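Trainee: Questions regarding the structure given below will be posed in turn.
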Amino acid sequence: MSMPEFVTQRGLIVWAESPEAVSAIEQFEVNLLGLTPRAADILTQANEFTETPLVQAYAALAMLYSQSQNGHAGAEGYLRAARRCLPGASKREALFVEAIEHFQRNAFHEALDRLERLTVDEPRDLVAAKACEFLYYTCGQHFNGERFLWHMMRLRAANGAHAGFLSMLSFAYELTGRYGQARAAAEQSLALEPGQPWSHHTLAHLLIRTGQVEEGVREMERFAPYWSACDRGIHAHNAWHRSLFYLEKTDWAQTNRVLREDIWELSPELVGEQIDAIALLWRMDMAGQAQDDVWVDVLAKAGPHAGECLIPFLDGQFTYALARCGQTDAADEAVARARERAARKDREAREIWQPVGVNFVAACAAWGQGDAARAAALIDPIVERLPMVGGSDAQDDLFRLAYFNALAESGRKADARRYYDLIAPAKTQRTPLDELMLAKCN
Ligand SMILES: [Fe+2]
């Protein structure tokens, strides 16, 4: 029997039931790397191409991007289908399916190991590379920055002129503090595709981390029109980045406008949108700009995800939301779930939940309850390891800022002052928000 084997436009061999199934595989790569709303098409295509392992595995991956227990449960059926039609497929496809099976079971490190191995032989598999980028985030993207960068460097020769690849490379440079190279790679990507939202995202990161607020405002306003046509996740996330520049300027009106028009409540069921909203609302709390009405709506959608324990980064923010809105029992319950997660016998428990996750989620509950001394005491022993909870450099700055506030509010003002400069070491000048925060140490 001859193998139904095809070669994609990017030169990868695939086992597929028809040329239309190959086209679905090719489109998914384009849509995932370009962060377009069409990436979700793979879910309907999976109903059509039930014998093609990569279509099924890509549908599973699309579900896992939801960052929710529901999404993980929904991925299972696709993976079962992928596994069933795997005999005869290539080593790359088998390894990919195996990796996503680990991802589905929350074995993020195991998934990463396999995908990194896959791209050694198949450096042009950008879906595998993009999935790695997401897994670095779940395992702490800032913490894994060097590992991310080395991976992207290894793929550079095979993908150098691909706008989506360059956006990942630029972000890896940014996360490791190589701001000049990050900017060059992002600009090279944008020269190829001016609307590449992940390259806009790299620039948002590097401009906020280096304190270039005016340029940040200008660039984000220039890029924003592209985002509403993108996948909703990146639309909300890039809008969140945009809001951070207004926040630095203490421009509350603009911050609020972006919160209410671009971040919150376009797709309130999405965990990504919930997290972007919480992360901004929490920062606004610390700046004395509490938006209680938005908190109520966000909590109604986000609260039920507390205790899912995919990664501490998510649970901590859900727990803060609960505690901050007065749902103390539910917040305590979420902390108890984190302790149970840490007691399990897997690598994530051993490497993340035990050493940092439990303290972190408990601190988020304390922050929400306004118990600054307790929050500070819980973070004290893990402050260096905060990036292990998950999230990027800019995302984890929220927790560093919260720690600073806890120190200042619990009377440890000298500690707070010392710590403030460690939050964004590459920031070149103080902003109005810095002044507002530092005034808490007087
Ligand atoms: Fe980001």
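Trainee: Here is a check on your reading of the model: is Ala172 in contact with a Phe, Trp or Tyr (Cβ under 7 Å, 6 or more places away or on another chain) and either within 30 Å of Glu98 (Cβ to Cβ) or not assigned by TED's automatic domain parsing to the domain that holds Ile13 (or both)? Show your work before the answer.
Mentor: Values: in contact with a Phe, Trp or Tyr (Cβ under 7 Å, 6 or more places away or on another chain): yes; either within 30 Å of Glu98 (Cβ to Cβ) or not assigned by TED's automatic domain parsing to the domain that holds Ile13 (or both): yes.
Yes: the conditions hold for Ala172.
Trainee: Something else: Name, by its number, the condition in (1) closer than 22 Å to Val271 by Cβ; (2) over 17 Å from the mean Cα position of the chain (by Cα); (3) surrounded by 21 or more Cβ atoms within 10 Å (Cβ to Cβ) that does not hold for Ala73.
Mentor: (3)
Trainee: Only one residue in Ala362, Ala416, Ala376, Ala402 is at pLDDT 95 or above, farther than 24 Å from Ala277 by Cα and aliphatic (A, V, I, L, M), so which one is that? First the steps, then the outcome.
Mentor: Values: Ala362 fails: farther than 24 Å from Ala277 by Cα; Ala376 fails: farther than 24 Å from Ala277 by Cα; Ala402 fails: farther than 24 Å from Ala277 by Cα.
Checking each option against the conditions leaves just Ala416.
Trainee: Look at Asn31 and say whether it is modelled with pLDDT of 95 or more, within 23 Å of Ser199 (Cα to Cα) and touching a helix residue (DSSP H, G or I) at 6+ places or on another chain (Cβ under 7 Å).
Mentor: Yes.
Trainee: Just to be sure, is Phe134 assigned by TED's automatic domain parsing to the domain that holds Ala94 and surrounded by fewer than 22 Cβ atoms within 10 Å (Cβ to Cβ)? Let's see the steps before the verdict.
Mentor: Numbers: assigned by TED's automatic domain parsing to the domain that holds Ala94: yes; surrounded by fewer than 22 Cβ atoms within 10 Å (Cβ to Cβ): yes.
So Phe134 passes the test.
Trainee: Search the range 194-205 for residues that are among the hydroxyl-bearing types (Ser, Thr, Tyr) and pair each with any residue that is part of a helix (DSSP H, G or I) and near the ligand (Cβ under 9 Å from one of its atoms) when their beta-carbon atoms are under 9 Å apart and the residues are at least 6 apart or on different chains.
Mentor: Short answer, once both residue conditions are applied: Ser199/Phe171; Thr202/Phe171.
Trainee: I'm trying to understand the selection: among the residues of the range 327-344, which are within 17 Å of Trp367 (Cβ to Cβ) and not in a helix (DSSP H, G or I)?
Mentor: Residue satisfying the conditions is Gln327 alone.
Trainee: For Ala81, state whether it is of a type in the set (Gly, Ala, Ser), surrounded by 17 or more Cβ atoms within 10 Å (Cβ to Cβ) and under 19 Å from Phe134 (Cα atoms).
Mentor: Working: of a type in the set (Gly, Ala, Ser): yes; surrounded by 17 or more Cβ atoms within 10 Å (Cβ to Cβ): yes; under 19 Å from Phe134 (Cα atoms): no.
Taking the combined requirement at face value, the residue does not satisfy it.
Trainee: Filtering the range 250-270 down to residues that are assigned to a loop (DSSP other than H, G, I, E, B) and farther than 18 Å from Leu398 by Cβ, which residue is modelled with the lowest pLDDT?
Mentor: From the range 250-270, those assigned to a loop (DSSP other than H, G, I, E, B) are 250-251, 264-270; that's our starting set.
If we keep only those that are farther than 18 Å from Leu398 by Cβ too, we end up with 251, 265-270.
Values: Asp251: 98, Glu265: 92, Leu266: 95, Ser267: 96, Pro268: 97, Glu269: 97, Leu270: 97.
Once the filter is applied, the top-ranked residue is Glu265.
Trainee: Can I ask one more? Any idea which of Arg124, Arg105 is modelled with pLDDT of 95 or more and under 21 Å from His162 (Cβ atoms)?
Mentor: Values: Arg105 fails: under 21 Å from His162 (Cβ atoms).
So the residue among Arg124, Arg105 that is modelled with pLDDT of 95 or more and under 21 Å from His162 (Cβ atoms) is Arg124.
Trainee: Touching a residue at least 60 places away in the same chain (Cβ under 8 Å) and charged (D, E, K, R): which single residue out of Arg183, Arg178, Arg209, Arg156 fits that description? Walk me through it before giving the result.
Mentor: Values: Arg183 fails: touching a residue at least 60 places away in the same chain (Cβ under 8 Å); Arg178 fails: touching a residue at least 60 places away in the same chain (Cβ under 8 Å); Arg156 fails: touching a residue at least 60 places away in the same chain (Cβ under 8 Å).
Of Arg183, Arg178, Arg209, Arg156, the one residue that is touching a residue at least 60 places away in the same chain (Cβ under 8 Å) and charged (D, E, K, R) is Arg209.
Trainee: Another one. Looking only at helices (runs of 4 or more DSSP H) that lie completely in the range 385-442, which have at least 1 residues being within 16 Å of the ligand (Cβ to nearest atom) and buried (at least 20 other Cβ atoms within 10 Å of the Cβ)? Let's see the steps before the verdict.
Mentor: Values: elements: 393-409, 413-423, 432-438.
Once the helices (runs of 4 or more DSSP H) in the range 385-442 are filtered for at least 1 residues that are within 16 Å of the ligand (Cβ to nearest atom) and buried (at least 20 other Cβ atoms within 10 Å of the Cβ), what remains is 393-409.
Trainee: Hey, can you tell me all the residues within the range 66-110 that are basic (Lys, Arg) and within 16 Å of Ile311 (Cβ to Cβ)? Don't jump to the end; show me each part of the working.
Mentor: Taking the range 66-110 and keeping what is basic (Lys, Arg), we get 80, 83-84, 91-92, 105.
Within the range 66-110, Arg105 is the sole residue that qualifies.
Trainee: Can you tell me which residue among Leu310, Leu314 is modelled with pLDDT of 95 or more, in the same structural domain as Asp434 (by TED's automatic domain parsing) and not in a helix (DSSP H, G or I)? Walk me through how you get there before you give the answer.
Mentor: Values: Leu314 fails: not in a helix (DSSP H, G or I).
The match here is Leu310.
Trainee: Further, regarding this structure: Does the range 323-332 include one or more residues that are within 16 Å of the ligand (Cβ to nearest atom) and crowded, with 22+ Cβ neighbours inside 10 Å?
Mentor: No; the residues of the range 323-332 include none that is within 16 Å of the ligand (Cβ to nearest atom) and crowded, with 22+ Cβ neighbours inside 10 Å.
The values are calculated or read from the model by the stated rules, or taken from the named source; none is laboratory data. Because the structure is predicted, anything quoted here is derived from the model rather than measured. Please note: Cβ atoms are built from the backbone with ideal geometry, for glycine as well, and neighbour counts cover all protein chains shown.
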